[in-house]
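First the structure, in the form of structure tokens, and then the observations on it.
The values are calculated or read from the model by the stated rules, or taken from the named source; none is laboratory data. Since the model is a prediction, treat every value here as computed from it, not as a measurement. Counting neighbours? That spans all protein chains shown, and the Cβs are built from the backbone with ideal geometry, glycine included. In case anyone asks, the SASA skips ligands and DNA or RNA and just uses the protein heavy atoms, side chains included. Shrake-Rupley method; radii C 1.70, N 1.55, O 1.52, S 1.80 Å.
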Amino acid sequence: MDKFISQTVYPSVEQVANICFAKFESLPKTGKPTNNEWTVLAGVVQYDEKEDACKVVSLGCGTKCIGKSKLCKRGLILNDSHAEIMARRSLMRYFYKEIKKSLNVMKEKQSIFTWCEKKGKFYLKSGLTYHFLSTQTPCGDACIKTHPNKLNEYYEPKAKKLKTRNECDNIVYDEDCIGNLVYTGAKLLGSQHKDLLEQSVGAMRTKPGKGERTLSMSCSDKLAKWQIMGVQGALIDVLLTEPIYFETMNFYDTNISLECLERAIWQRFIKDSDFNHSIYRLHKPQIRRGNASEFIYKQLPNKQPSPNGLTWSDIELKDKPYEVSVNGKRQGITSKKLYSPEASLQISKFHLFSEFLDILKLKPILLETFGLTTENIGRLNYLTAKSLSKTYQSAWLDAKTKYFKQWSNKPDDLMKFYVNKIIDHE
């Protein structure tokens, strides 16, 4: 296997982990696991090469994912609350706030973004890179381990022997094997599969769990997508000159296999090397394992999964950087406001879309670029806004054709919501 070696010196896996753990411990106790509960922590560290300084810019905790019947047509409920997804959405919130900061005359020099007049977009200042951390192997393809005694053969447990420890656990054990050998509980896509838990290497999967099936893709598949399309998503992509990738991906998990992580995140797509694009590419991050310290709420057999999700972004206190969620909504909301914007997390589609619209209003030249005005911007729905990034959408369609053929597509009516109409309705 060819290894990707970067010439740039990045913060070590221990540095990335230690500052993420320290930031997590500094957050309020509200919503954190109790002594008999566990969770997964994911985070993103921003490294400034010029200053040789790094800081945590987003954190996420969680193990839950809602079923397809509970998906919200108004973008108010978070579909996927796995830690990796919470951290990435928190990172997007951080990006939006930094773009807004760059448009403030008093704060623009403090922002990580700068406006490029020639291209009519924002660019990330040079020397800044992003580094991902997770305290558990991502669910999906990364969990399938090669057989220790048989080269290129993979564990495929018998269906009758498969047992999951709980409804949101992403690991499965085979009683016939020696020790705790890790499998994925994520479910295969496509009618050709008789056993949805068959350990087929390199296949697309939806999230693990009992009960109603979710439409959310496994974390292995989403991490792989980010390493092709960038972590910024379609809306922020509209605003930037180029995508943003994770340069290192760091994992603190005793069951980790670097080989399997590399396979899941980029190696399984290397044969389709004809994906050529002027902006997007198959990015190959450094994938690293940490052993020096452990997350205090790591998964143990005698503990139950925490029902809560946690999200934190490196933004001003007045913007409420820390939130606790339950079932994709803010914790502690009254039943009367359960389906209102007030009950929605700031990292939900609804609120991130609101941030996007705010930036268009603050930078009128962007409105002109997309044929919009301050008067008709309210008629822009979420789905239409995503389609504004024509280059991104074209590249993503190409990537799905070559790499992500089984990617689960959510119905369009889940993305045709308007911010103003929801607010007015309330």
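Of note:
- Count - residues of the stretch 272-324 that are open to solvent by less than 40 Å² (accessible area, probe 1.4 Å) and either at positive phi or without any contact (Cβ under 8 Å) to a residue 24 or more places away in the chain (or both): 1
- Of note, LEU78 does not satisfy the criterion of being buried (at least 24 other Cβ atoms within 10 Å of the Cβ), within 18 Å of the chain's Cα centre (by Cα) and under 17 Å from LEU317 (Cα atoms).
- Looking across the stretch 233-250, the residues that are of a type in the set (S, T, N, Q) and either more than 12 Å from LEU124 (Cα to Cα) or surrounded by 23 or more Cβ atoms within 10 Å (Cβ to Cβ) (or both) come down to THR248, ASN250.
- Of all positions in the stretch 238-252, at least one carries a residue that is among the aliphatic types (A, V, I, L, M) and part of a helix (DSSP H, G or I).
- Residue selected from the stretch 366-383 under the condition out of contact with any Gly (no Cβ under 9 Å at 6 or more places or on another chain) and surrounded by 13 or more Cβ atoms within 10 Å (Cβ to Cβ), by the criterion nearest to LYS100 (Cα to Cα): LEU367
- Among residues of the stretch 327-359, those that are at pLDDT 95 or above and open to solvent by 20 Å² or more (accessible area, probe 1.4 Å), counted: 5
- Filter result (assigned to a helix (DSSP H, G or I) and more than 19 Å from CYS143 (Cα to Cα)) within the stretch 208-224: none
- So ILE265, is it touching a residue at least 12 places away in the same chain (Cβ under 8 Å) and surrounded by fewer than 18 Cβ atoms within 10 Å (Cβ to Cβ): no
- Test result for TYR252, at pLDDT below 95 and closer than 15 Å to ALA87 by Cβ: yes
- Residue in the stretch 213-225 that is of a type in the set (Lys, Arg) and touching a Ser or Thr at 6+ places or on another chain (Cβ under 6 Å) present: no
- Candidates LYS386, LYS363, LYS402, filtered to the one that is closer than 23 Å to SER220 by Cβ and open to solvent by 40 Å² or more (accessible area, probe 1.4 Å): LYS402
- Of the residues making up the stretch 45-62, those that are open to solvent by less than 10 Å² (accessible area, probe 1.4 Å) and not aliphatic (A, V, I, L, M) are SER58, GLY60, CYS61, GLY62.
- Selected residue (criterion: nearest to ASN255 (Cα to Cα)) from residues of the stretch 177-228 that are among the small types (Gly, Ala, Ser), modelled with pLDDT of 90 or more and touching a strand residue (DSSP E or B) at 6+ places or on another chain (Cβ under 6 Å): SER218
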